Structure formats: structure tokens, C-alpha cells
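Input: a single structure, listed below in C-alpha cells.
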Amino acid sequence: MAFVNKDNLTQLAKARWETSHSPRMREVMTKLVEHAHAFVRDVNPTEAEWLAACEFLARTGREFCDDRRNEFILLSDVLGISTLVVQLNDKKADGTTPNTVLGPFYQPGSPEMADGQNMAEGIEGETCYVHGNVTDLNGTPVPNARLDVWQADDEGMYEVQLPEITDPRLRAVFHTGSDGKYCVQTISPLGYTIPMDGTVGDLIRGTEISHFRPAHIHFIVEAPGYKRVVTHLFRKDAPYLDSDVVFGVKDDLIVPFNVHDGGESPTGDKVNGPFATVQFDIRLEAV
Ligand code: BEZ
Ligand code: FE
């Protein structure tokens, strides 16, 4: 029997994990051993550094994870891993609306709203109408597509970050009509910082990395017979488009916000005072 030395240790550890019962677990765990050992051999941490890394992970779970917050997702986001996983899995045809990270602030079960209804009722901010067409790749309208929409408020806070909020806030589900069109009334989004009070913030503060996300609104778009799209729209000319801390920005998702002094909204209502309109068309691929 071969006892352990630093040359055979990786092989010995891999061989143990070869005994995994499921083929996928075997593949994942043996690769994890292979890559993690390569990382350790490359970085050559001291024992104190390795202990500090374990303490970092323990603190991340103990102090910054609960049913409203998952700091590990944020860690995966700022390392670019969340976006890498999304991109490796986004096998839709060219020309479809690309997928992006879901992010930690999505909440299922948003209220259903009628076309053009205001999901920002009573919330400070510039009135904004987001409207567009949901089509297939040939430009044929997709009726009755379901759009689950959510965003942060003018202080960059999502409902899930505000424990005192009990009713749905800045999130709603809309549907396209028979013409494939939709319209959402909301407030213009602003850029915001990711939460910096946790272990991810501690890491970021040790770098020159910008901790901001550019102004955006999140969408999940689903329709029977089409692949699901999880995406964002980003405001053209917003700060941080080229430095998004979670690597979410793509050309196709950047749209202009047109600001009006007042007048008719896309829903035909008369608006007194300034408001913005945004056209965001979504292209789905059939399954
Ligand atoms: C978000 O856009 O909601 C988000 C995504 C990833 C990390 C932090 C925030
Ligand atoms: Fe967001």
C-alpha cells in the first residue's frame, strides 16, 4: 500500500472519490480534488492562511446567510462564476434575448398586474414605462407570455432587503396581449451597490473593484413552447455599464431611456410632469 507523500496525494484522494455512487458525483468530486489540489499547489498557502480561508467561509455562512440572504451566491457573483454558469448553460440560438444572472433578490409569487399597471405605486422615483414586443426569432408575436419583473428602489434596496416590508414591492407579473405587446409602469431604476456589510464586502475593499451595478430591471420571461429567459435590461449611458461587479451586462440588453416633459404615456394616459419610456423587445426561441 502506498502511503501519502506530496507527489501521490492528489492521485490517492482522487481514487477515494472514484468510489462515488452516482456517475455525476464521481465526475464532480474527482475534478474538484484535481482542480483544488492544483490551486493549492500553485498558491502554496501557509497553514495560517488555509485556516483563515476556512474561517472566512464559516463566517460567511454563520453571519451572512439566512432565509433572506445568501452571501455565497454573492461570492459566486463577484468571482464571475454565476455568470459563467449562466453562459455555459445558455444554449439558445443567436438573436434570442440572452440570459443573465438571476441575482439574490428575486422572489417568486409576485402579484399579477394588468397591462400598463404601476408596480411602483407609492414609491419615490421618476415615472417610467417599460414596453415592448415579445416575439419569436422570426418576429412573430408571442401572445400570453408571462413576464416576472423586479427591481430596486431609488436607494438601491430590494424588498427582500427590507425586513419591515411585508407586501410585495417593486415586483409584479405581467402578460403580453394577443399582439405580443406588454407594458409595465414603474420608476426609472438607478445603479446601486451590492451589499458591502458582509464577507464579500471585506474582500472587495481589499481591491480596486467597483462594487456597483449599473441601473437595471430584472425579467423572467416564459411562454408555453419557448425557452425561458432570465435577463435584465440596462439603462444606456448609465454609470458602471463597463464595470458591473457581477458581469451581467451584454450589448443586446442595453436600451435607451427617453425622458419626456409630460404628455401621453405608452398606455395612452395623460402624464403631468416628466416621465421616461423604454422599449425593450424580447426574442424567444422555441423549445
Ligand atoms: C441583482 O441584480 O439583483 C444582483 C445580482 C447579483 C448580485 C447582487 C445583486
Ligand atoms: Fe438587481
- The relative contact order of region 189-268, taking Cα pairs under 8 Å that sit 6 or more residues apart, comes to a percentage of 26
- Message: Highest mean first, how do 207-217, 179-189, 16-26 rank when packing is the count of other Cβ atoms within 10 Å averaged over residues?
- Response: 179-189, 207-217, 16-26
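Can you give me the accessible area per residue for region 81-284, using a 1.4 Å probe, in Å²?
Here the per-residue accessible area is 47 Å².
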- Item | Centroid-to-centroid separation of region 213-264 and region 5-38 [C-alpha atoms, Å] | 41
- Query: What is the magnitude of the charge dipole of the chain about its Cα centre, with +1 placed on the Cβ of each Lys and Arg, -1 on the Cβ of each Asp and Glu, and no other charges, expressed in debye to the nearest 20?
  - Reply: 1140
- Message: Given Cβ point charges of +1 (Lys, Arg) and -1 (Asp, Glu) and nothing else, what value in debye, to the nearest 20, does the dipole of region 1-132 about its Cα centre take?
- Response: 860
- Task: In nm, give the distance between the simple-model label positions of Glu222 and Ile123, each being 7 Å from the Cα along the Cα-to-Cβ direction.
- Result: 2.1
- Item | Viscosity 0.890 mPa s, temperature 25 °C, Stokes-Einstein D of the chain from Kirkwood C-alpha radius, µm²/s | 114
- Message: Ignoring ligands, DNA and RNA, please state the percent of accessible area on region 166-210 from carbon and sulfur, probe 1.4 Å.
- Response: 53
- Item | Förster-model FRET efficiency, 35 Å R0, Leu102 and Val4, C-beta, rounded to 0.05 | 0.25
- Task: Once you have the Cα-Cα distance between Glu264 and Gln11, take 0.36 nm times their residue separation minus that, and quote the gain in nm to one decimal.
- Result: 84.1 nm
- Query: Working out 0.36 nm times the residue gap between Ile165 and Glu49, then minus their Cα-Cα distance, what length gain in nm do you get to one decimal?
  - Reply: 37.7 nm
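Please compute the length gained on full extension between Lys236 and Lys91, using 0.36 nm multiplied by the number of residues separating them and subtracting their Cα-Cα distance.
49.6 nm
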- Straight distance only, please: which lysines reach the Cα of Lys92 with their own Cα at less than 29 Å, same-chain residues fewer than 8 apart left out? Lys31, Lys181, Lys227, Lys236, Lys250
- Query: For the residue pair Asp154 and Leu79, what label-to-label distance in nm results when each label sits 7 Å from Cα along the Cα-to-beta-carbon direction?
  - Reply: 3.8
- Calculate the length of the line joining the C-alpha centroid of region 109-167 to that of region 51-65, in whole Å. 35
- Query: With a Cα-only, solvent-free Debye model of region 239-287, what are the log10 I(q)/I(0) values at q = 0.13, 0.15, 0.30 Å⁻¹?
  - Reply: -0.52, -0.64, -1.11
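The values are calculated or read from the model by the stated rules, or taken from the named source; none is laboratory data. Small disclaimer: the values here were computed from a predicted structure and weren't measured. Please note: Cβ atoms are built from the backbone with ideal geometry, for glycine as well, and neighbour counts cover all protein chains shown. For the accessible areas, the whole protein counts, side chains as well, though only heavy atoms, and no ligand, DNA or RNA atoms are used. Shrake-Rupley method; radii C 1.70, N 1.55, O 1.52, S 1.80 Å.
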